[in-house]
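What follows is a set of notes on a single structure, which appears directly below.
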Amino acid sequence: MSDDEFLEAFERCTLVKSDWTHAAHVRMAWLYMSRNDFDEALRCIRQGIRRLNGHFGTASEKYHDTMTIAYSALIRERIERDPSVADWPGFTARYPETLDWSEPLPLRHYTRERLFSRAAHEAYIEPDIAPLPMLNVHTLG
């Protein structure tokens, strides 16, 4: 599936639930972050995940606001670090750590207890190990 087809399926909620994997989340965030300014991309990512999860009937228990924002910031930082990586296969080859769900990338910034807390699921909370890139210049609304 092309990037445009994938993003259209995400936006129209026509993705199959079994295809809504961690890699699909990262691909979607990479697409928005590659095509939009940070604030607009983050708005689309947050709203889109909530909409798709709602379509799947898992809106409240599956959506994790801090994880979503942290991954978005970390993906954007990698895009800006190396703008020569212009496609999804290139991004995943250059930054495979973004796809490793066994050790989520935000754990470099958060303790496990803080990141997986109920509060972090419900709303963005600040990291307790190291600041996230990009967020110091953007507001979260």
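Tally up the residues in segment 3-58 that are touching a residue at least 60 places away in the same chain (Cβ under 8 Å) and aromatic (Phe, Trp, Tyr), please.
2
Of these, Leu42, Leu7, Leu31, which one is open to solvent by 10 Å² or more (accessible area, probe 1.4 Å) and either aliphatic (A, V, I, L, M) or not in a helix (DSSP H, G or I) (or both)?
Leu7
Of all residues in segment 56-72, which are touching a Lys or Arg at 6+ places or on another chain (Cβ under 9 Å) and surrounded by 15 or more Cβ atoms within 10 Å (Cβ to Cβ)?
Listed by number, the residues that qualify are Tyr63, Asp65, Thr66, Thr68, Ile69, Ser72.
Return yes when Thr66 is in contact with a Leu (Cβ under 9 Å, 6 or more places away or on another chain), closer than 26 Å to Ser117 by Cβ and not basic (Lys, Arg) and no when it is not.
In short, yes.
Does segment 56-64 contain any residue that is at pLDDT below 95 and among the aliphatic types (A, V, I, L, M)?
For segment 56-64, residues at pLDDT below 95 and among the aliphatic types (A, V, I, L, M): present.
Restricted to segment 93-114, and to residues that are in contact (Cβ under 8 Å) with a residue 60 or more places away in the chain and open to solvent by less than 90 Å² (accessible area, probe 1.4 Å), which residue is farthest from Ala23 (Cα to Cα)?
Thr98
The values are calculated or read from the model by the stated rules, or taken from the named source; none is laboratory data. Bear in mind the structure is a predicted one, so any value in this text is a computation, not a measurement. As a convention, Cβ positions derive from the backbone with ideal geometry for all residues, glycine included, and neighbour counts pool all protein chains shown. The area values use the complete protein model at the heavy-atom level, side chains included, leaving out ligands, DNA and RNA. Shrake-Rupley method; radii C 1.70, N 1.55, O 1.52, S 1.80 Å.
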